[in-house]
Amino acid sequence: MPELPEVETIRQRLAPALTGRSFERVTIGDPRLTRPEPPELVAAALEGERVRELGRRGKYLVVAFESGRHLLVHLRMTGSLQHPVSGGLDADPHRRAVVRLDDGSDVAYRDVRRFGTWTLLEPGELDEYFAARRLGSEPLERSFTSRALARAFAGRRAPLKAALLDQRAAAGLGNIYVDEALWRARLHPLRSAGELGRQELKVLRKAIREALELGIARQGASLRDYRDPSGRRGLMQKEFRVYGRTGEPCLRCGTPIEKIRVAGRGTWYCPRCQRREPS
Ligand SMILES: [Zn+2]
C-alpha cells in the first residue's frame, strides 16, 4: 500500500507533466472510483479544468485546478498512475480511468483491488474535507513538532503502532514506515501512545521524519505493486531496518527481529532495542 514516500514520489514525477495542462478528455470506467457520484458526471465535470499544481496531503494526491476545485486521488491498496501511456481503458484490464491532457498525452489510473478513490471537491471544500477525516499534521512540515505529537497522543491508551496508523497524529504513515520509525526511536509498538515522555516524543518525531525522508530519497518501496508513473520500482525495500525481517539480526544489536500483530497488522520490532517497559 503506498504511503507518504510513495505518494510523494508519484507527485514529484507527475507534477511537471500536469502543471499548467488542461484535462481535455476524461474517461472513468469504474463506478467504485467516484462513488457515490456517477463516474460519467465526475468525468464531465473534470473536462476543461486546468491544473494549477499537484500537491499532496498525507496519502492523498491533491490536483489543484485554476478554478479552485480539487481532485483528491487516494491510491489505497493497489492504485497507481502512469504517464505517458497509450490506448484507452481497454489497453489494460485493470485500467480504471484515462485523462487526455491538452498536450495530447494520456495519464492512466490503474487499480487491481479497486479500493482507490477519486473525489472532486468544489472551491472552498478542501480544508473541511480533511478536517472531517481528522487528518493530522504533515510529518515533514514544521507544524509537526513533538508538542503536536504530544497533543495528538494525550490520554490515548492505544498502542503506538495503532495511534500512528490512524492518521490523526501524523498524516501519511502506514505499516512500513511506522515500524521503521519505531525501530529508529527504540520504542515498542505496544507501548501506549499517551504514556510517552517528552524525550521519547522528541526522538519519535525525529525518527518518523528520518524514515520518511529515506523513503522519499529511495523513491518509495516496491514490494508488490508500487511503481512510479514511468513504471520504475522504488529502492526503499532494500533499506528496511525491521519491516519484513523476521528472524534476521537487528542492525543495531544483532538480536533476531520478531513479528507480532498489532491493530490487525503484521508488526516487526527488535525485542532488545525496543523494550515494552519504559526505560
Ligand atoms: Zn536491536
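Residues in region 130-141 that are in a loop (DSSP other than H, G, I, E, B) and loosely packed, with under 15 Cβ neighbours inside 10 Å: Arg133, Arg134, Glu141.
Of all the listed residues (Asp102, Asp127, Asp111), the sole one being open to solvent by less than 10 Å² (accessible area, probe 1.4 Å) and at pLDDT 95 or above is Asp111. Restricting attention to region 165-186, does a residue exist that is β-branched (Val, Ile, Thr) and within 16 Å of the ligand (Cβ to nearest atom)? No, there is no match, as no residue in region 165-186 is β-branched (Val, Ile, Thr) and within 16 Å of the ligand (Cβ to nearest atom).
Taking the listed residues Gly247, Gly254, Gly234, the one that is part of a loop (DSSP other than H, G, I, E, B), closer than 30 Å to Gly79 by Cα and not hydrophobic (A, V, I, L, M, F, W, C) is Gly234, with no other qualifying.
Of Leu72, Leu33, Leu41, which residue is assigned to a strand (DSSP E or B) and either surrounded by 16 or more Cβ atoms within 10 Å (Cβ to Cβ) or not β-branched (Val, Ile, Thr) (or both)?
Only one candidate qualifies: Leu72.
The sole residue among Arg261, Arg245, Arg272, Arg252 that is more than 10 Å from the ligand (Cβ to nearest atom) and open to solvent by 70 Å² or more (accessible area, probe 1.4 Å) is Arg261. Note on region 76-99: residues that are surrounded by fewer than 16 Cβ atoms within 10 Å (Cβ to Cβ), more than 21 Å from the chain's Cα centre (by Cα) and either of a type in the set (Lys, Arg) or under 21 Å from Glu66 (Cβ atoms) (or both) amount to 0. Of the residues Gly172, Gly194, Gly220, Gly155, the single one that is touching a residue at least 12 places away in the same chain (Cβ under 8 Å), surrounded by fewer than 21 Cβ atoms within 10 Å (Cβ to Cβ) and assigned to a loop (DSSP other than H, G, I, E, B) is Gly155. Can you spot a residue in region 202-216 that is charged (D, E, K, R), open to solvent by 50 Å² or more (accessible area, probe 1.4 Å) and either within 16 Å of the ligand (Cβ to nearest atom) or over 19 Å from Gly136 (Cβ atoms) (or both)? No, the conditions are met nowhere in region 202-216.
The values are calculated or read from the model by the stated rules, or taken from the named source; none is laboratory data. On a predicted model such as this, the values are computed, not experimentally measured, just so you know. For neighbour counting, all protein chains shown are included, and Cβ atoms are generated from backbone atoms with ideal geometry for every residue, glycine included. For accessibility, only protein heavy atoms count, side chains too; no ligands or nucleic acids. Shrake-Rupley method; radii C 1.70, N 1.55, O 1.52, S 1.80 Å.
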